[in-house]
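The values are calculated or read from the model by the stated rules, or taken from the named source; none is laboratory data. Bear in mind that the values here come from a model prediction, so they are computed numbers and not experimental data. Please note: Cβ atoms are built from the backbone with ideal geometry, for glycine as well, and neighbour counts cover all protein chains shown.
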Amino acid sequence: MTIASPGVTTVPASHRFIILATVSSATMLYAMAITIANVVLPQMRGALSATPDQVAWVITFNLVATAVMTPVSGWLSNRFGRRNVLLVGCAGFTVASVLCGLADSLGALVFYRVLQGAFGAPLVPVSQTIILDTFPKEQHSMATALWGVGVVMGPIIGPTFGGFIAEEYSWRWVFFMIVPFGIMTFVAISMFIQKRPVRPPSPPLDWLGFFALAAALASFQFMFDRGQRNSWFDSPETIIECTVGFLALYIFLVHISTAQRPFINPRLFLNRNYSLGLFLAFLFGMLNFVPLVLMPSMLQDLRGYPDSTIGILLAIRGAGNLLSFLLVIRLAQWNAKLTLGFGFMCQAVSGYAISQFDINMTYFDVAWTGALQGLGIGMSWVPLTLIMFSTVKAEFLDDASAIFHMLRNFASSLFISICVAVVIRSIYINSAELSEPLSEFSKMMSWPWVTGAMDLNTVEGLTAASAEVRRQAAMIGYINAFRLYAILAILPLPLIFLARMPKNNT
């Protein structure tokens with residue numbers, strides 16, 4: 001259980017916005033680190049001799065480490081204080097970023113990204129809890145939206161500057177770029193976030209519940225990350241990971257239902273809005289980061305875009321996100337459910353539009369679909385938060401925020417793995433199908449005006465034909481992944497209207 005928070009009456013009105021700016025910078029730090037790594041995925045793949053599914057581990061293992069460590073942030077806040085948790089998280093995150101830049105192998109980089117995710121895990125939920133605890137309920141939509149503006153600056157600053165730095169120097173410098181922001185955030189936290197009043201001693205951490213949940217999340221992540229490479233359930237490894245995942249999940253659910261002081265208080269799930277919001281948060285999380293992982297590889301591998309251009313195109317997504325936060329405050333206060341539905345619809349339309357791309361996609365195609373994605377993410381974030389936390393009591397805020405962000409991050413890493421598997425499997429299948437007409441017995445392949453540079457009687461022609469087949473097959477793979485993305489964005493729409501909002505939040 002968590003300890004009741006001191007309440008907004010202890011925070012002077014003039015000091016609230018200073019606190020808001022400080023915790024927004026902490027959250028921006030984490031958001032920037034995720035998006036900045038996406039820009040240089042293709043460059044890291046070449047430098048570290050990794051395959052597309054292996055280099056995706058740089059993102060997915062960071063997210064799963066965040067998901068594993070996020071639930072414990074509520075207990076850490078009650079045990080050591082929110083200010084101390086933010087300071088340690090920010091310092092560890094900054095040091096881990098330096099180590100990421102110094103990594104000399106893919107294994108080392110993934111390990112340091114895990115550290116980065118583990119230290120960065122408390123930054124978002126603790127920041128959100130501080131905001132909800134600092135501002136009165138009637139100002140929650142405004143405060144959350146302003147906090148969101150700070151969060152959105154990460155995906156704008158990170159890709160824009162990261163792309164140019166990576167192109168000019170190397171991928172390592174995108175991690176070194178984070179360090180000054182980390183130092184400034186650490187100083188701001190130490191200056192402006194005050195210690196909370198003395199609290200009763202926090203109960204010991206429920207280690208069985210924590211390790212069971214961590215084992216379940218890690219097992220399922222490994223299963224989906226390595227499933228395609230291991231031929232799924234033809235591999236004993238996949239079977240073991242699936243078994244361990246479901247067994248750990250069963251132990252966790254039984255434990256929190258029967259333990260006297262469980263790791264996560266099951267009374268939270270009796271709250272209708274919160275439980276419904278968790279399901280919506282899971283779907284929201286699945287949609288959040290997938291385009292940021294798939295787009296850089298698609299743009300560089302299939303169109304040859306440089307890192308700087310990819311960074312600008314990803315930053316346009318952040319610009320759409322920023323625009324949404326200028327609109328969402330009033331819209332969410334007017335009708336949170338309709339605003340949330342509109343946000344998911346924007347993502348569905350964007351995913352469908354991308355699924356209609358061909359190999360000759362233009363800058364404008366990528367820009368407007370990315371901006372629409374950003375708009376949808378921003379229009380979803382604030383009303384989703386309002387729906388989930390509108391009926392949560394103050395003493396449950398730490399745990400409720402931690403579970404929300406855990407589920408969101410795990411869903412992100414899970415769906416990234418699924419989409420990468422879809423792309424890779426589509427490449428294998430479609431490469432075989434597209435290669436069938438490329439035969440010396442085909443009449444068309446004997447006509448020079450058809451083959452062009454792809455003369456099958458020469459080594460150069462065979463190489464060019466093979467490369468083009470793989471390129472077209474990869475495009476089909478990305479189309480399939482974004483088609484799945486669009487379908488997933490439609491699923492939450494009927495569920496949104498099951499929420500019951502308090503009268504002052506409708």
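Before moving on, here are some points about what is shown:
- Note on segment 258-267: among residues that are in a helix (DSSP H, G or I) and out of contact with any helix residue (DSSP H, G or I) (no Cβ under 6 Å at 6 or more places or on another chain), the one that is farthest from residue 165 (Cα to Cα) is 258.
- Test: residue in segment 110-132 that is surrounded by fewer than 19 Cβ atoms within 10 Å (Cβ to Cβ) and modelled with pLDDT under 85: no
- Criterion: closer than 25 Å to residue 138 by Cβ and either over 19 Å from the mean Cα position of the chain (by Cα) or of a type in the set (S, T, N, Q) (or both) - qualifying residue of 340, 268, 249, 322: 268
- Top-ranked residue in segment 43-90 [being of a type in the set (Phe, Trp, Tyr) and within 24 Å of residue 286 (Cβ to Cβ); ranked as farthest from the chain's Cα centre (by Cα)]: 57
- Yes/no for residue 133 being in the same structural domain as residue 63 (by TED's automatic domain parsing), on the phi < 0 side of the Ramachandran plot and free of Cβ contacts under 8 Å to residues at least 24 places away in the same chain: no
- Test: residue in segment 228-242 that is under 27 Å from residue 33 (Cα atoms) and among the aromatic types (Phe, Trp, Tyr): no
- Residue check, residue 356 in the same structural domain as residue 329 (by TED's automatic domain parsing) and within 19 Å of residue 303 (Cβ to Cβ): yes
- Hits in segment 369-415 - residues which are under 25 Å from residue 294 (Cα atoms), among the basic types (Lys, Arg) and at pLDDT below 80: none
- Any hit, segment 226-249, residues being touching a helix residue (DSSP H, G or I) at 6+ places or on another chain (Cβ under 9 Å), surrounded by fewer than 18 Cβ atoms within 10 Å (Cβ to Cβ), assigned to a helix (DSSP H, G or I) and touching a residue at least 40 places away in the same chain (Cβ under 8 Å): no
- Answer from 304, 341, 351 - the residue that is modelled with pLDDT of 80 or more, of a type outside the set (S, T, N, Q) and buried (at least 24 other Cβ atoms within 10 Å of the Cβ): 351
- Qualifying residue in segment 182-202 (condition: of a type in the set (Lys, Arg) and modelled with pLDDT of 85 or more): no
- Some residue of segment 272-280 being touching a Pro at 6+ places or on another chain (Cβ under 6 Å), at pLDDT 80 or above, more than 28 Å from residue 160 (Cβ to Cβ) and assigned to a helix (DSSP H, G or I): yes
- Meets criteria (among the small types (Gly, Ala, Ser), modelled with pLDDT of 75 or more, within 30 Å of residue 351 (Cβ to Cβ) and surrounded by 11 or more Cβ atoms within 10 Å (Cβ to Cβ)) for residue 432: yes
- Of all the criteria given as (1) among the hydroxyl-bearing types (Ser, Thr, Tyr); (2) at pLDDT 80 or above; (3) under 25 Å from residue 86 (Cβ atoms), the one not satisfied by residue 219 is (3).
- Cβ separations smaller than 6 Å between residues 6+ apart or across chains give the following pairs from segment 270-293 residues that are within 11 Å of residue 492 (Cα to Cα) to residues that are basic (Lys, Arg): 281/408.
- Some residue of segment 117-136 being in a helix (DSSP H, G or I) and farther than 22 Å from residue 78 by Cα: no
One line per residue, one yes/no per condition, for (1) touching a strand residue (DSSP E or B) at 6+ places or on another chain (Cβ under 9 Å); (2) outside any helix (DSSP H, G or I); (3) of a type in the set (Val, Ile, Thr); (4) within 27 Å of residue 230 (Cα to Cα):
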{"site": "50", "(1), (2), (3), (4)": "no, yes, no, yes"}
{"site": "58", "(1), (2), (3), (4)": "no, no, yes, yes"}
{"site": "63", "(1), (2), (3), (4)": "no, no, no, yes"}
{"site": "68", "(1), (2), (3), (4)": "no, no, yes, yes"}
{"site": "77", "(1), (2), (3), (4)": "no, no, no, no"}
{"site": "86", "(1), (2), (3), (4)": "no, no, no, no"}
{"site": "91", "(1), (2), (3), (4)": "no, no, no, no"}
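- Flag if residue 359 is in a loop (DSSP other than H, G, I, E, B) and at pLDDT 85 or above: yes
- Candidates 256, 251 - the one that is closer than 30 Å to residue 71 by Cβ and modelled with pLDDT of 85 or more: 251
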